[in-house]
Amino acid sequence: MHLQPAGVALTLLQYALAGPARRVDTALLQSKPEPEGEHERSLPPAPPMPYRQALAAGAADNNGNLTFPEGTLLPSVKCIEYLATKSNASNTSPLPLFEAQMKALGMWDRVTVHLNEPDPEGKEAGCFRSHVKGWNEALARGCEDALMVEEDLYFNEPVVNQSMANANAFVASGTPYDMFFLGYGIDFATHDGLLKPLINSSLITTSAAEYDNNKFQCVYRLHGWLCTQSYIISRAAMERWKDIKYINGKTEPIDVYLSHTQDRDRFFAVSPMMGFQRFHKPPPGEIAGGETGSPMETWKFVPGVVYSIYEPDIYGNAQITRPAACLAPPAAFSYNALPTAVQEFDEVSDPNQLAQVVNFLPQALQRLQYYDGPTSIYQFNVTVGAGIKKKVHTKAHAPNATAQQLLEIPGLDIDIDFTGFPWGLTNLSFADIFEAEGDI
């Protein structure tokens, strides 16, 4: 992670101590980190000139990034609520990255920053409560609609112009809605493996449907969604949900709660998706922050993966043929975070899950468009089985046990089926397997 200068860190610390939601004093943010791919600013390389020329509303700055006059994008939404945790208001804060992009997109003047204390009941509780608090503060300021964005949000710039325009047309029409997603996460059944849904779309439980004979271009109904990194919420929905409470141990995470219990056929999404999450690890000391930076969370927000696999499968399952205007251009297919996602997969400690990754990753990689990178897990320069090896050493304390012996260790609590592995043998010790991995 790129470290910002001390002056910026101090400014953000002062910011964290200053109290509730406030506008950023941009003059105090004296410097910005250089982009380092999707892990930092997460913006794709500058697309070719013909594509630039096609974006009449925007212009490229000296670094090839899009810039727009204030108010050009999403002008019907006057309130943008940035939700962050005070424990992240440090020298690794994503706020300067977010500010830099929002200024370039001409949206920064509408942003209100909400810095919330880490919730003692954990990330799930804190996320739930921060969204409810954000809605209530937007209501108090008289917002008719509010774009809610989480601290790891970034917009994939090659699709911003087209998707923002279609989202704005919908909101400006006054059509009743609850939530309109600029980006969302895919839900699917994982009992058959982390990556099997990538080659069997019937396992994907997120679904789409056409709305009113495609009255609004590239706008579709959405069901069974996950993640709340970027959505527009109506005043009616904010009013209806302003008093919902999170009860530890009983209430579902906010995305599951809303998606599963509040679906009145008023959830909408724009295609192509433009709101993504940067890869990041949970802040130190965060309770139950495991989903942050997890293998699936990282993989699901690689733009090229979304545009090559998830969106085609969701709309294909619904037998929806999207017009060309609703598809991402080649420049949008960024794969900067793909190596990190594969590294995260490799560190899973369940042998069966790793077997699924080894077997299905090549098939998933073959589906990627505008991609010419590695085609198997062994080409990503990772130590295959690192997560299992770590678990064997730290929990089983039996690195030289055979697979059969490992199954008999009390308390290991893993169900091992080696039939999915390339080696397919149960008489090899784990040490033998790891030594031989280069020859598999």
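Out of the residues in the stretch 292-341 that are part of a loop (DSSP other than H, G, I, E, B) and of a type in the set (Phe, Trp, Tyr), state the one that is surrounded by the most Cβ atoms within 10 Å (Cβ to Cβ).
At the first step, the residues of the stretch 292-341 found to be part of a loop (DSSP other than H, G, I, E, B) are 292-294, 301-302, 318-323, 327-329, 333-337.
So of that shortlist, the ones also of a type in the set (Phe, Trp, Tyr) come out as 301, 333, 335.
Details: Phe301: 28, Phe333: 21, Tyr335: 21.
Only one residue fits best here, namely Phe301.
Here Gly293 fulfils each of the conditions (1) of a type outside the set (Val, Ile, Thr); (2) modelled with pLDDT of 90 or more; (3) under 22 Å from Trp225 (Cα atoms) apart from (2). For the stretch 154-195, the tally of residues that are over 15 Å from Pro272 (Cα atoms) and at pLDDT below 95 stands at 9. If the condition is being part of a loop (DSSP other than H, G, I, E, B), touching an Asp or Glu at 6+ places or on another chain (Cβ under 7 Å) and not small (Gly, Ala, Ser), then the stretch 194-224 contributes Thr205, Thr206.
Taken over the stretch 128-159, the criterion of being closer than 15 Å to Asp243 by Cα, among the hydrophobic types (A, V, I, L, M, F, W, C) and surrounded by 20 or more Cβ atoms within 10 Å (Cβ to Cβ) is satisfied by Phe128, Trp135, Ala138.
Being of a type in the set (Ser, Thr, Tyr) and in contact (Cβ under 8 Å) with a residue 24 or more places away in the chain is the filter here; which residues of the stretch 203-251 pass it? Outline the logic, then answer.
Going residue by residue through the stretch 203-251, those that are of a type in the set (Ser, Thr, Tyr) are 205-207, 211, 220, 228, 230-231, 234, 246, 251.
Of everything in the stretch 203-251, those that are of a type in the set (Ser, Thr, Tyr) and in contact (Cβ under 8 Å) with a residue 24 or more places away in the chain turn out to be Thr206, Ser207, Tyr211, Tyr220, Thr228, Ser230, Tyr231, Ser234, Tyr246, Thr251.
Evaluating Glu151 against the criteria (1) of a type outside the set (Ser, Thr, Tyr); (2) at pLDDT 95 or above; (3) closer than 23 Å to Lys300 by Cβ leaves one unmet condition, (2). Residue count for the stretch 49-95 satisfying the condition of being within 21 Å of His131 (Cα to Cα) and at pLDDT below 95: 9.
Would you be able to tell me the number of residues in the stretch 240-272 that are β-branched (Val, Ile, Thr), part of a loop (DSSP other than H, G, I, E, B) and in contact with a Phe, Trp or Tyr (Cβ under 7 Å, 6 or more places away or on another chain)?
At the first step, the residues of the stretch 240-272 found to be β-branched (Val, Ile, Thr) are 244, 247, 251, 254, 256, 261, 270.
So of that shortlist, the ones also part of a loop (DSSP other than H, G, I, E, B) come out as 244, 247, 251.
Still in the running and in contact with a Phe, Trp or Tyr (Cβ under 7 Å, 6 or more places away or on another chain): 251.
Qualifying residue count for the region: 1.
Taking the conditions exactly as written (out of contact with any helix residue (DSSP H, G or I) (no Cβ under 9 Å at 6 or more places or on another chain) and either among the basic types (Lys, Arg) or within 20 Å of Asp145 (Cβ to Cβ) (or both)), does Arg221 satisfy them or not? First the steps, then the outcome.
Working: out of contact with any helix residue (DSSP H, G or I) (no Cβ under 9 Å at 6 or more places or on another chain): yes; either among the basic types (Lys, Arg) or within 20 Å of Asp145 (Cβ to Cβ) (or both): yes.
For Arg221, the condition - out of contact with any helix residue (DSSP H, G or I) (no Cβ under 9 Å at 6 or more places or on another chain) and either among the basic types (Lys, Arg) or within 20 Å of Asp145 (Cβ to Cβ) (or both) - is met.
Taken together, the residues in the stretch 228-268 that are within 15 Å of Gly126 (Cα to Cα), more than 18 Å from the chain's Cα centre (by Cα) and hydrophobic (A, V, I, L, M, F, W, C) amount to 2. In the stretch 211-220, is there at least one residue being surrounded by fewer than 21 Cβ atoms within 10 Å (Cβ to Cβ) and of a type in the set (D, E, K, R)? Looking through the stretch 211-220, at least one residue is surrounded by fewer than 21 Cβ atoms within 10 Å (Cβ to Cβ) and of a type in the set (D, E, K, R). Return the residues of the stretch 226-282 that are more than 28 Å from Leu95 (Cα to Cα) and basic (Lys, Arg); say none if nothing qualifies. Listed by number, the residues that qualify are Arg240, Lys250, Arg264, Arg266.
The values are calculated or read from the model by the stated rules, or taken from the named source; none is laboratory data. It should be emphasised that the depicted structure is a prediction, and the values quoted were computed from it without experimental measurement. Note that each Cβ is placed from the backbone with ideal geometry, even for glycine, and that neighbours are counted across all protein chains shown.
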